[in-house]
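The values are calculated or read from the model by the stated rules, or taken from the named source; none is laboratory data. Model, not experiment: these values are computed from the prediction. Because the Cβ atoms are built from the backbone with ideal geometry, glycine has one as well, and the counts that use them run over all protein chains shown. Surface accessibility is based on the protein's heavy atoms, side chains included, excluding ligands, DNA and RNA. Shrake-Rupley method; radii C 1.70, N 1.55, O 1.52, S 1.80 Å.
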Amino acid sequence: MRVFIFSYNRGAYLRNAVESVRRHMPFAQVTVMDDRSDDPDTRAVLAALPVEVLTAPAPGAEHAVTGGLHGGMNRALDLAEAEGQTVVLMLQDDMMLVRDVARAELDAAVAQFDRADASFVLGVTFAKTRRGARDIGLVLDGGVYRRPEAAAVSGAHCAYGDTGLFHIPRLRATLGRLEQGEKENEARARALGLRMGSLVFPFAHWLPFPVSWRGRKRVWRLRLLDLVCGAGVHVIAPLQGERLRRFLDRDPGDLPFAEDWLTAPTAPQALYWSLRGGAQNGLARGGWRSTLARRLR
């Protein structure tokens, strides 16, 4: 399995992401796609990583900008396609694998792409609690979670995500290439009637209560919110032993919410896990932090 991790100026997150893949999927070929990080700590991490690191092209006559996340994703897809790869795993630097993954499990997941109505991407993360709400409209459908047809027709269906297992031939046959924006890719996939699926037994997730960025800047509001809301690199403990057994033996109809199965020992106490940073961290903490977040966002 080819695994691409996309990164920019988040060295501590990136180190953890790489280590998690090497620990839980040791057979994988890992490549870091760095968008020209200029933070000294991150550059030191990049230089020390025991995996392949590819740096985005410098801005110039041919490239007005480095390309950002979607530019890096397109480059990764081109590289994998040239190697004859069919399916690749795409992760971001603030994510990690949270349990061991066997080759046979990946083969079973890849087989889901044989469905005619499937999207070109299959989600591998746990279900998100959205501001405390758990009615997210997913149903079990042929071995994966999907949104029902009614949700897809109404426009409430998310057909695309920037992370997960990507089927390259199907992407080429539908979107061709990725646009520079998650919403743009989602809209195109929805217009084509593609239905994104999510694994019943996910193996990756985002670290909770991340440090915040606006674009590529750390503005003072975000720095203040990070300080009072306990943002940081809150590593998720591996899902293993009896807890893992219960997770794999559970009723597939029970959606796997991250807060129910995963623990991040250093993460702050909160109403639910925040995964986007900034004001979301404050809202998840509740109380006066929530009030402050509403005023500063």
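General observations
- Within the option set ARG250, ARG223, ARG246, being more than 17 Å from ASP94 (Cβ to Cβ), open to solvent by less than 30 Å² (accessible area, probe 1.4 Å) and out of contact with any strand residue (DSSP E or B) (no Cβ under 6 Å at 6 or more places or on another chain) holds for one residue only, ARG250.
- Selection from region 265-291 of residues that are under 17 Å from the mean Cα position of the chain (by Cα) and of a type in the set (Gly, Ala, Ser): SER274, GLY277
- Evaluation of GLY232 against (1) surrounded by 15 or more Cβ atoms within 10 Å (Cβ to Cβ); (2) in a helix (DSSP H, G or I) (one fails), failing number: (2)
- ARG246 vs. criteria charged (D, E, K, R) and in a loop (DSSP other than H, G, I, E, B): no
- Odd one out for LEU296, checked against (1) at pLDDT 90 or above; (2) in contact with a helix residue (DSSP H, G or I) (Cβ under 7 Å, 6 or more places away or on another chain): (1)
- Scanning region 251-263 for residues that are part of a loop (DSSP other than H, G, I, E, B) and closer than 14 Å to ARG99 by Cβ yields PRO256, LEU262, THR263.
- Residues (touching a residue at least 60 places away in the same chain (Cβ under 8 Å) and open to solvent by less than 40 Å² (accessible area, probe 1.4 Å)) located in region 102-119: LEU106, ALA109, GLN112, ALA118, SER119
- Only one entry of LEU296, LEU239, LEU292 meets the criterion of being in contact (Cβ under 8 Å) with a residue 12 or more places away in the chain, surrounded by 12 or more Cβ atoms within 10 Å (Cβ to Cβ) and in contact with a Phe, Trp or Tyr (Cβ under 9 Å, 6 or more places away or on another chain), and that entry is LEU239.
- Taking the conditions (1) assigned to a helix (DSSP H, G or I); (2) modelled with pLDDT under 95 in turn, VAL211 satisfies each one other than (1).
- Yes/no for VAL88 being closer than 26 Å to PRO169 by Cβ and in contact with a Lys or Arg (Cβ under 6 Å, 6 or more places away or on another chain): yes
- Contact map, region 201-226: first residue over 18 Å from TYR8 (Cα atoms) and among the hydrophobic types (A, V, I, L, M, F, W, C), second residue at pLDDT 75 or above and open to solvent by 40 Å² or more (accessible area, probe 1.4 Å), Cβ cut-off under 7 Å, separation 6 or more or different chains; pairs are PHE201/LEU248.
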